[in-house]
Amino acid sequence: MHPNPAFRAEDRTRNIGFARERAFGVLAVPGEDAPLLSHVPFLLDEAGEVAELHLVRSNPVVRALAQPQKVRIAVTGPDSYVSPDWYGVADQVPTWNYVAVHLVGVLELRPDAELPDLLDRQSAFYEARLLPKPPWTTAKMGPDALQRLMRMIVPCRMRVAEIQGTWKLNQNKEPAARLAAADLVESADFGSETRALAALMRKA
């Protein structure tokens, strides 16, 4: 995470809320030659203490979890390049603004018997975002197809020991410079979710 404390002042509640809302991140697990990475949807409880996810059984991460492993899930949000010209202040340098929250803890495989409940809770959480669409459920699958799916994936649980957040929104600039940059971040649209990032910059 960014070492500047100006970008790490958000409280635990906001970091948990961000990670819960995004519900998708990059899982990093120690590997023999380099970290193993997987892009995973997950459920994080309201207290920010437990993250649940599933992995394809053939994923190398599953083999690495023969024993529980200390891991990190990096959850990223909006981001954008910021040109030094946009501040209206001399002697500035280019930077990149972004929001990211890291979950650090121990990940373990769980019994296959827990998989149906996990899938039902995951799909219910994601499908609720699509209202008024009638939610998809596993009940819509035929029993044979559902069993084939169940054999291909494994449930995992992470006990979260630490939550780290970086909200790099030009808090270290004077308000006029930050607001000017926010307007141009939005209009330039170079990055990801630049409108959302500009709104966060204006509130920083």
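When you restrict to C-alpha pairs under 8 Å that are six or more residues apart and normalise by the size of the chain, the relative contact order lands at 27 percent. For residue 133, give me every one of the aspartates and glutamates with a C-alpha distance below 17 angstrom, ignoring sequence neighbours fewer than eight places off in its own chain. Within reach: 120. Of the chymotrypsin sites (Phe, Trp or Tyr not before Pro) in the stretch 95-204, which ones lie in a loop per DSSP and count no more than 16 other C-beta atoms within 10 Å? Qualifying residues, ordered by number: 136, 190. Given the stretch 145-204, what whole percent of its Cα pairs are spread farther than 20 Å? Here the tail beyond 20 Å accounts for 52 percent of pairs. With Cα atoms defining each centre, the stretch 183-204 and the stretch 54-89 are spaced 21 Å apart in the structure.
Taking GluC sites (Glu not before Pro) that fall in a DSSP loop and have at most 12 other Cβ atoms within 10 Å as cut points, what is the longest piece of the chain between them? After excluding every exposed loop site, the longest remaining stretch is 47-204.
Listing 101, 29, 93 from the residue with the fewest other Cβ atoms within 10 Å to the one with the most, what is the order? Let's see the in-between values first.
Details: 101 27, 29 19, 93 7.
Ordered by Cβ neighbours within 10 Å, fewest first: 93, 29, 101.
Go ahead and estimate [θ] at 222 nm for the chain from helices alone: -39,500 (n - 2.57) per DSSP H run with n ≥ 4, summed, over the residue count, rounded to 500.
Working: 6 runs with 63 residues, N = 204.
Using -39500 (n - 2.57) per qualifying helix, the result is -9000 deg cm²/dmol.
Tell me the Kirkwood radius of the stretch 1-53: reciprocal of the mean inverse pair distance over distinct alpha-carbon atoms, in Å. All intermediate terms of the calculation are to be shown ahead of the outcome.
Details: mean 1/r = 0.0781 Å⁻¹.
With all distinct Cα pairs of the stretch 1-53 included, I get 12.8 Å.
Computed log10 I(q)/I(0) for the chain at 0.13 Å⁻¹: -0.81, from the Debye equation with unit scatterers placed on every C-alpha and solvent omitted.
Just so you know, all these numbers are worked out from the coordinates, no wet-lab data involved. Note that this is a predicted model, so its numbers are computed, not measured. Note: ideal-geometry Cβ built from the backbone for every residue, glycine included; neighbour counts use all protein chains shown.
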